[in-house]
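J.: Let me give you the structure first, and then I'll get to my questions.
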Amino acid sequence: MASRIRAEDFECPLSTTVQHVGEWWTLLLLHDAFDGYTRFDQFQENLGISTSMLTARLKTLVADGLLERRPYQTNPVRNEYVLTDLGRSLRPVIITLAAWGNARLTPEQRSMILIDTTSGEEVEPVVVDATSGRRLDDSHAYVFAAGPAASPAMRARYPLSDETAADAPARTS
């Protein structure tokens with residue numbers, strides 16, 4: 001896929017992340033991989049994706065380090081696609097995206113829900129700060145600030161540093 005990232009966004013973690021996982025088929029392939037799919041024909045059958053598109057997407061996911069290609073048959077050679085640690089680290093993101101979609105539906109309209117495997121109860125995923133446990137959906141309590149590697153342009157956009165963020169008035173993006 002041709003890069004859609006703007007030159008000035010190369011340091012932005014959101015822009016670079018979207019470059020890797022922002023394509024429609026990529027998220028669906030990762031979702032299938034989290035459900036245990038590993039083989040080309042499984043992905044193709046479940047998604048109804050063309051072989052050329054699937055080949056391109058799997059190649060990109062392998063090149064980006066999200067999937068690993070492993071042979072499972074030698075004659076003829078056949079490969080499976082297994083999530084790497086980096087790929088597995090995207091599971092909370094996919095869960096959060098699905099939860100965001102479900103939040104806009106009535107319970108009767110939901111075709112897929114997240115449940116606790118022990119209790120069988122539906123769970124509501126939320127994104128929280130690992131230190132405080134506070135939800136991150138408050139755009140006044142949590143704002144982006146320029147990090148140590150920020151360019152002058154990034155510092156101009158996000159002038160707060162780690163040292164001053166706690167004392168400065170809240171600012172939204």
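J.: I'm trying to understand the selection: among the residues of segment 11-54, which are at pLDDT below 90 and of a type in the set (Ser, Thr, Tyr)?
T.: Correct list: 15, 16, 17, 26.
J.: Within segment 65-78, can you find the residues that are more than 20 Å from the chain's Cα centre (by Cα) and part of a loop (DSSP other than H, G, I, E, B)?
T.: 75, 76, listed by residue number.
J.: If you go through segment 106-128, how many residues are open to solvent by 80 Å² or more (accessible area, probe 1.4 Å), among the charged types (D, E, K, R), over 23 Å from residue 141 (Cβ atoms) and assigned to a loop (DSSP other than H, G, I, E, B)?
T.: Qualifying residue count, segment 106-128: 1.
J.: Follow-up. Please identify the pairs in which a residue from segment 34-59 that is under 17 Å from residue 94 (Cα atoms) and in contact (Cβ under 8 Å) with a residue 60 or more places away in the chain has its Cβ atom under 7 Å from the Cβ atom of a residue that is open to solvent by 80 Å² or more (accessible area, probe 1.4 Å) and among the hydroxyl-bearing types (Ser, Thr, Tyr), counting only partners at least 6 apart or on another chain.
T.: Short answer, once both residue conditions are applied: none.
J.: Across segment 79-105, what is the number of residues that are assigned to a loop (DSSP other than H, G, I, E, B) and either open to solvent by less than 60 Å² (accessible area, probe 1.4 Å) or among the aliphatic types (A, V, I, L, M) (or both)?
T.: Within segment 79-105, residues that are assigned to a loop (DSSP other than H, G, I, E, B) and either open to solvent by less than 60 Å² (accessible area, probe 1.4 Å) or among the aliphatic types (A, V, I, L, M) (or both) number 3.
J.: Same structure again: Sort through 148, 169 and tell me the only one that's at pLDDT 85 or above, more than 26 Å from residue 97 (Cα to Cα), surrounded by fewer than 10 Cβ atoms within 10 Å (Cβ to Cβ) and out of contact with any Leu (no Cβ under 8 Å at 6 or more places or on another chain). Steps first, answer last, please.
T.: Numbers: 169 fails: at pLDDT 85 or above.
Answer to the selection: 148.
The values are calculated or read from the model by the stated rules, or taken from the named source; none is laboratory data. Values in this document were obtained by computation on a predicted structure and should not be read as measured data. Please note: Cβ atoms are built from the backbone with ideal geometry, for glycine as well, and neighbour counts cover all protein chains shown. Calculation scope for accessible area: heavy atoms of the full protein, side chains included, ligands and nucleic acids excluded. Shrake-Rupley method; radii C 1.70, N 1.55, O 1.52, S 1.80 Å.
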